[in-house]
Amino acid sequence: MLKEIDHENGTRQAGLEVISAHKMSDHSMKRTYFPGITDIVVITDPAEIRTISNDSRFDRDFIERGPVRNVQLLRKILRVFSLNGRLFPIILPRTNPSRAAAQEELRLRLNVRADEVKHGPAELEPLAEWVRGIGTEEKVDLLVQQSIGRLFVETFTATEESLAAGHLVLEAASSSNVLKMLAWRITGRLERAKTLLASMVNGDPVGVLAMSTARQLIVDGLHKMRQLAADPALRFSITTEAAADQCLIAPTNVVRQAKTSGEVSGCPFRRGSLFILELGSGSKGAANRDLVFLSQSWSHCPAEQWVRALLEGVWTRVSAALHES
Ligand code: HEM
């Protein structure tokens, strides 16, 4: 179902939901629009997410003008995902001259690493041991950050400080607490955290991002895997691919901005409207797993094969040991 709440014409339509032509389908798109205040559309339907992520009218070409709430959200995104004025690739526009080439280069490089970890080499034993039930939450967090860091610098060693920095960047990315963000800006805590992480991976902003936000997704996935491993009925019946797939956790959402005014699936929007694509909920269900990494979009994650291979490699070791015991 497609819903538009048009607060501009509040007197005419106060409290009324405008149901569009899509009313027979289960599509769902919700726009919250108060002129000058907010203009944000939340997309939860998997098909709509695919449509919008591939429609060139929506991009990450962010302009910091428009309704106050939009500007507030954009400023936060731009601040968190940049370092010394340099934007991280995750928020570069589709047409940025170097983005696609860097994405492909990273994908190819990580795919070589994927082949190395897929069959569960000995280097994955510490992660496998944790999944079998030995070790604390902090332990797995350190191990995952270290695995990610080593994609960038072979000798990378995660520390309590690097982990704390990763958590701070993650908190900044997911928090909407304006006062907290302001405090971090004044004290420079967020910049320091990003600078520390960058210094450990030759200044690569992708490394900073991966050790902060992607790290948590993989850690959450391994928690899921620990549950699977503890379930005697499951652990002998499930294939390695299926086990890994169940442990893939999508980012909660990604953001796009409308470059022009127009209409999509019956929902009107203006230049500057923000579209929040809810990948976390949208990626549930076997038919929608492409949304975990937005695999069908120009912005697809270059680490998809590596993340899958890492989870498969860990599960391979875990299930082999369980079969033996
Ligand atoms: C469970 C782990 C991960 C998940 C679920 C995930 C998911 C995603 C998704 C959904 C996007 C698209 C963002 C958008 O459209 O705005 C993305 C982009 C990206 N991811 Fe990942 N990711 C993961 C891990 C990683 C890791 C470990 C790295 C680096 C080593 C990485 C590097 C990137 C980069 C550089 C982009 C931007 C690509 C571009 O638009 O040019 N990701 N990821």
- request: Being out of contact with any Phe, Trp or Tyr (no Cβ under 7 Å at 6 or more places or on another chain), surrounded by fewer than 20 Cβ atoms within 10 Å (Cβ to Cβ) and closer than 28 Å to Ala102 by Cβ narrows it down to one of Gly203, Gly166, so name that one.
  value: Gly203
- request: Could you figure out which of (1) modelled with pLDDT of 95 or more; (2) out of contact with any Ser or Thr (no Cβ under 7 Å at 6 or more places or on another chain); (3) crowded, with 18+ Cβ neighbours inside 10 Å isn't true of Gly66?
  value: (1)
query: Within segment 247-304, restricting attention to residues that are β-branched (Val, Ile, Thr) and in a strand (DSSP E or B), which residue is nearest to the ligand (Cβ to nearest atom)?
result: Val254
statement: Quick count over segment 41-63, residues being surrounded by 16 or more Cβ atoms within 10 Å (Cβ to Cβ) and acidic (Asp, Glu), is 3
task: Test Thr51 against the criterion of being of a type in the set (Ser, Thr, Tyr), more than 10 Å from the ligand (Cβ to nearest atom) and part of a loop (DSSP other than H, G, I, E, B), and give yes or no.
output: no
task: State whether the residues of segment 82-91 include one that is among the basic types (Lys, Arg) and surrounded by 15 or more Cβ atoms within 10 Å (Cβ to Cβ).
output: no
query: Looking only at residues in segment 232-289 that are of a type in the set (Val, Ile, Thr) and over 23 Å from the mean Cα position of the chain (by Cα), which one is farthest from Ala128 (Cα to Cα)?
result: Thr260
- request: Taking Glu263 as meeting all but one of (1) under 28 Å from Pro67 (Cβ atoms); (2) touching a Lys or Arg at 6+ places or on another chain (Cβ under 9 Å), write down the number of the exception.
  value: (2)
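The values are calculated or read from the model by the stated rules, or taken from the named source; none is laboratory data. All values reported here derive from a predicted model rather than from experimental measurement. Note: ideal-geometry Cβ built from the backbone for every residue, glycine included; neighbour counts use all protein chains shown.
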